[in-house]
Amino acid sequence: MKALVTGVSGFVGRHLAQNLVDHGYEVWGASRGAPSFMLEGVHILKIDFYDKETITNVIEAVKPDVIFHLSGQSSVQYSWGHINETFQSNVMDAIGLFEAVKDSSIKSSVRIISIGSSEEYGLVKDLPIVEDADTNPGNPYGLSKLTLSKLILSYCSVYQINIIHARAFNHIGPGQALGFVTSDFANQLIKIELGKAEPVISVGDLSSKRDFTDVRDIVEAYRLLFEKGKSGEVYNVCSGKCVSIQDILTLLVSFSSKPIEVVIDKDKLRPNNVPEYYGSNGKLTEATGWTPSISLENSLRDIYMYWKERHLYITSEEVQLTLESQQI
């Protein structure tokens with residue numbers, strides 16, 4: 001099987017590419033610029049979603065069996081100050097891809113896995129959240145992804161394009177950038193562990209409960225949706241359980257050898273925060289047999305070690321630069 005992964009240089013894209021390579025796929029990764037990583041077995045292409053001809057040329061050259069469309073703007077916070085950019089990245093770029101597929105020679109044979117978000121649901125009354133729950137996104141990011149999901153229905157029914165929309169809940173895992181709770185906590189703890197910071201960690205509201213799934217389980221679900229999912233359908237990708245931020249922090253702190261003082265930062269408290277939010281993965285499991293395989297503890301330990309290795313690498317680089325400067 002040939003797979004084309006847009007947004008391959010992102011957090012999820014890198015893990016998905018690895019998963020596909022491990023399962024024998026021929027993998028082509030599309031990126032707006034040069035990716036910051038090299039993965040054996042992945043062919044990298046530059047793509048510009050503003051240019052339909054470029055997209056068409058890529059599709060015709062690769063002739064993929066599946067396109068995983070991960071490219072987009074993925075931050076809720078960023079979306080508030082960059083609404084136009086968010087809709088351009090998450091809606092208009094996807095339209096450019098769909099239009100190119102519609103007019104391509106592989107229209108009838110390729111399947112597209114479109115990546116949505118639990119933010120499409122917004123506030124809901126009933127938990128766990130199922131795919132046919134009412135949608136009322138509370139931010140531009142969620143609204144952009146919901147708009148995408150509605151467009152997909154049109155492309156499936158009007159043009160018979162084979163598209164599945166996956167609504168993923170909270171991702172965690174090694175390699176995730178700062179700005180996400182597990183990375184932020186682990187980064188602060190490693191700085192303390194290495195003597196780079198005082199033994200105090202600054203946090204916001206720890207009582208909120210969310211549905212966390214390791215990114216390596218998330219991308220496994222994406223692959224299985226290509227292989228076994230039904231065109232035109234929406235599938236939640238989630239653990240089906242909720243975990244408090246306090247439990248996340250407690251586990252991460254347990255990996256440290258130093259006593260840690262936890263301080264509440266009022267600037268990090270969000271008004272009207274939803275106390276509990278989790279989804280149902282029943283539809284996904286029934287269709288594909290998928291279940292999460294990586295425990296929360298193992299996922300958090302991998303995140304902790306990722307940040308430890310990152311800081312140790314930076315430290316070793318700093319030492320080397322110092323030695324080199326002394327030799328000049």
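The values are calculated or read from the model by the stated rules, or taken from the named source; none is laboratory data. Note that the structure is predicted; figures quoted are calculated from it, not measured. Here the Cβ positions follow ideal geometry from the backbone for every residue, glycine too, while neighbour counts run over all protein chains shown. Accessible surface is based on the protein model in full, side chains and every heavy atom, while ligands, DNA and RNA are left aside. Shrake-Rupley method; radii C 1.70, N 1.55, O 1.52, S 1.80 Å.
Which residue, of GLY232, GLY204, GLY195, is among the small types (Gly, Ala, Ser), within 28 Å of ALA17 (Cβ to Cβ) and surrounded by fewer than 20 Cβ atoms within 10 Å (Cβ to Cβ)?
Going through GLY232, GLY204, GLY195 in turn, the sole match is GLY232.
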- Task: Just need a number here: residues in the range 1-25 that are open to solvent by 10 Å² or more (accessible area, probe 1.4 Å), among the hydrophobic types (A, V, I, L, M, F, W, C) and within 13 Å of VAL66 (Cβ to Cβ).
- Result: 1
- Query: Hey, does the range 258-273 have a residue that's touching a Pro at 6+ places or on another chain (Cβ under 8 Å) and open to solvent by less than 30 Å² (accessible area, probe 1.4 Å)?
  - Reply: no
- Scope the range 39-54; condition modelled with pLDDT of 85 or more, open to solvent by 70 Å² or more (accessible area, probe 1.4 Å) and farther than 11 Å from TRP28 by Cα; matching residues: LYS52, GLU53
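Each row is one residue, and each column tells you yes or no for (1) modelled with pLDDT under 95; (2) farther than 13 Å from ILE115 by Cα.
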{"position": "LYS145", "(1), (2)": "no, no"}
{"position": "SER183", "(1), (2)": "no, yes"}
{"position": "ASN187", "(1), (2)": "no, yes"}
{"position": "ASP205", "(1), (2)": "yes, yes"}
- Search result, residues across the range 170-180 that are open to solvent by 50 Å² or more (accessible area, probe 1.4 Å) and not in a loop (DSSP other than H, G, I, E, B): ASN170
